[in-house]
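See structure below.
The values are calculated or read from the model by the stated rules, or taken from the named source; none is laboratory data. Fair warning: this is a prediction, and the values are worked out from it, not measured in the lab. Every residue, glycine as well, gets a Cβ built from its backbone with ideal geometry; the counts of neighbours run over all protein chains shown. In case anyone asks, the SASA skips ligands and DNA or RNA and just uses the protein heavy atoms, side chains included. Shrake-Rupley method; radii C 1.70, N 1.55, O 1.52, S 1.80 Å.
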Amino acid sequence: MPVLRLRDLTPDDWRDWRALRLQALAEAPYAFGSTLVDWQDAPEERWRGRLAEVAYNLIAELDDRPAGMASGTLDGDGPAELVSMWVAPFARGAGVGAALIDAVAVWAAVRRPGELVLQVVDGNEPAIGLYQRAGFVDRGIVADSNPPERLMSRPL
């Protein structure tokens with residue numbers, strides 16, 4: 001039975017975040033607002049800054065192998081948001097995505113009860129399916145998103 005472990009990150013964990021983020025940007029460039037070119041040569045300070053500026057960051061390890069990542073934000077007075085979600089291809093279907101979503105939802109429910117939202121590229125059916133299985137409901141296309149993104153929400 002594979003062993004799944006989630007680990008909350010601090011800015012001191014920037015190397016771990018960098019390794020997964022660069023894999024994510026290379027493997028699924030269509031899924032993120034930033035690009036591999038934006039980040040591949042970024043200095044340590046930028047990586048540390050990303051982890052310091054975003055309220056909650058975690059990675060998943062499957063059998064001690066980095067397997068996924070996610071973050072939670074609390075911008076303004078709006079709902080908490082799930083961002084930077086990615087699961088490595090080898091770990092898809094093993095519960096990693098669901099565990100990351102649940103961890104962000106628990107974190108968000110304590111800080112900003114109500115709902116958790118996310119945006120996903122329209123047409124990314126595997127991700128949309130994962131989010132639907134996790135209780136998210138499709139709220140439609142986000143205005144002026146390019147490429148088009150769907151807003152999804154889930155009660156907390």
Mean projection area, nm², convex hull over Cα of the chain | 9.1 nm²
Tell me, in nm to one decimal, what length is gained between residue 90 and residue 5 on full extension, where the rule is 0.36 nm per residue of separation less the Cα-Cα distance?
-> 29.1 nm
For the pair residue 77 and residue 30, the simple spin-label estimate (label points 7 Å beyond Cα toward Cβ) gives in nm 3.9 nm
Portion, in percent, of the accessible area of the chain that falls on carbon or sulfur, probe 1.4 Å = 51 percent
The chain - accessible surface per residue (Å², probe 1.4 Å) | 52 Å²
Debye log10 I(q)/I(0) at q = 0.10, 0.15, 0.24 Å⁻¹ for segment 67-156, Cα point scatterers | -0.23, -0.53, -1.30
Out of every Cα-Cα pair in segment 95-136, what percent are more than 14 Å apart?
-> 50 percent
All other residues with a Cβ under 11 Å from the Cβ of residue 48 taken together, and with Lys, Arg as +1 and Asp, Glu as -1, what is their net charge?
-> -1
Using alpha carbon coordinates only, what is the Rg to Rh ratio of segment 1-90, with Rh defined as the Kirkwood radius?
-> 0.96
Rounded to whole Å and sorted largest first, list the principal axis extents of the Cα atoms in segment 57-96.
-> 38, 17, 12
Work out how much length residue 106 to residue 143 would gain on full extension: take 0.36 nm times their residue separation and subtract the Cα-Cα distance, in nm to one decimal.
-> 10.5 nm
Cut-off 10 Å between beta-carbons: net charge of the residues surrounding residue 60, Lys and Arg +1, Asp and Glu -1 = +2
